[in-house]
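Below: one structure, written as structure tokens.
The values are calculated or read from the model by the stated rules, or taken from the named source; none is laboratory data. What you see is a predicted model, and the numbers here were worked out from it, not measured in a lab. Cβ sites come from the backbone with ideal geometry, for glycine too, and all protein chains shown count toward neighbours. For accessibility, only protein heavy atoms count, side chains too; no ligands or nucleic acids. Shrake-Rupley method; radii C 1.70, N 1.55, O 1.52, S 1.80 Å.
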Amino acid sequence: VRIMWRLFLPHNFLCFLKSLFYFLFSKKDNLKILFYTSSNFNRGEKNINYFIDPLYNLSLKNKINALVYEEPFLINNKNRSKNYIKADFLLFFILFFRKFLKGSFIERDRRIGAIFFKYFLNNKIENIVVLSNSLTSFFRGAYPNANIYDYQHGVIYSNHNGYIIDKNVPENILKNNIKILLFGKGFKQILSNINTYYEKNSIVLGCCKPLNITHSNNKNYKLVTLQFTDDHTSEENNILFDNLYNYLKNHSNFKFILKHHPRFKNNINDSKLISLPNVSFSKLSLIECFKLCDIHVTAYSTTVFEAACLSIPSVFYSKFKSNIYLDDFNYPVPDSINEVNKNIINFGKIAKEWSKKYYEDLNKDKWIKLMS
């Protein structure tokens, strides 16, 4: 309930009014593609969404009519895109009716979708593309005959409960007949080996990879991407914190730039980290941080893949989930910052070659054919 009413806070309210006006009074055209995303994913320069924007712009360029609905990220509402339709009212409607309707989560959201379609949409949409499996039951209720795709936005591994639960496909994917758009063949292989559903219902589309960058000549700067979020319990965040503090303290011969996760909500007190003489925090974009650093350090961030695409090797400061990269992905770089630092260029080449199996270039022809 508290989350729902955040929509009416002063920094959110204007977006809510714009959204209300759109859904009440604007004519909804038939569409080939409707994208749905959270503003949380607008992480690029000028709030670019590197997952959705390339597909959206490619569609428009090829005269495939498309629209993007943007859900507010209520923790921080600063990263809104000027090019997307605000979906604040749609989200409020869903959260409100979830409090009163009975039945399973899937059944409730489908009913809410059907109601919302009747009063506020009433158009035809052929394809719906979401991130993070967002509102798939709602959209299935609103558009029973549409193709619904979930586009990969992070690392998928063998026990990722968004895609696999005890070797079974989650109900929201199975019952809503969701197809998965993947970054590379390596991810399809992982999913298909666990459940045959993904052999037929996943498509290797590729992704928009970060541009090449020029590295700093100062090899003492190392980028640390942090994972302190609500995804973890307080105990887990404290374990990660202790692991990180000890790691930074034990490697005082390097200078580290730390970057918080986009969903960080003061989950830890970082003053103890700042007190270390070899540590500083950065609010620069990820790509700007990459320009300053030549080694990436993390517990298990998806940034391992993004760094590898740029020939930047990664090492792990914690054993918390690093086994994912060793067991599922066979990450080929040694887990020693001192060893890697002695031969950065070579290990960078090894990391980049490894990444090609998982992060393939966006297949533009396949996308156009799929959506046409």
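Computed quantities for the displayed model
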{"item": "Computed FRET value (nearest 0.05) for residue 278 with residue 177, which takes r as the C-beta separation and R₀ as 35 Å", "result": "0.10"}
{"item": "Extension reserve of the residue 250-residue 5 stretch, reckoned as 0.36 nm per residue once the Cα distance is removed", "result": "83.7 nm"}
{"item": "Net charge of neighbours whose Cβ lies under 12 Å from the Cβ of residue 248, counting Lys and Arg as +1 and Asp and Glu as -1", "result": "+2"}
{"item": "Gain upon complete extension [residue 14, residue 134; 0.36 nm per residue less C-alpha separation]", "result": "40.9 nm"}
{"item": "Whole-number Å³ per residue for the convex hull built on Cα positions in segment 1-147", "result": "109 Å³"}
{"item": "Tilt relative to the chain, helix 88-98 - C-alpha long axis, 0 to 90 degrees, to 10", "result": "80 degrees"}
{"item": "Using alpha carbons only: equivalent-ellipsoid semi-axes of segment 96-205, gyration tensor based, whole Å", "result": "27, 16, 10"}
{"item": "Residue-span extension gain [residue 261 to residue 242] - 0.36 nm each, minus C-alpha spacing", "result": "5.1 nm"}
{"item": "FRET efficiency estimate (nearest 0.05) - Cβ-Cβ, residue 211 to residue 336, R0 30 angstrom", "result": "0.55"}
{"item": "Helix 344-355 axis, angle to the chain major axis (alpha carbon atoms, nearest 10°)", "result": "30 degrees"}
{"item": "Residue 363 versus residue 105: modelled label distance in nm, points set 7 Å from Cα along the beta carbon direction", "result": "3.1 nm"}
{"item": "Average Cα contact separation per residue, the chain, under 8 Å, 6 or more apart, as relative contact order %", "result": "14 percent"}
{"item": "Cα gyration tensor of segment 158-252 - equivalent ellipsoid semi-axes, whole Å, descending", "result": "35, 22, 11"}
{"item": "With DNA, RNA and ligands ignored, accessible area of residue 366 (1.4 Å probe; Å², nearest 10)", "result": "80 Å²"}
{"item": "Residue 230 - accessible surface, heavy atoms, 1.4 Å probe, Å² rounded to 10", "result": "90 Å²"}
{"item": "Average accessible area per residue (Å²) across segment 228-317 - probe 1.4 Å, nucleic acids and ligands excluded", "result": "43 Å²"}
{"item": "Residue 323-residue 119 FRET efficiency (beta carbon distance; Förster radius 45 Å; 0.05 resolution)", "result": "0.35"}
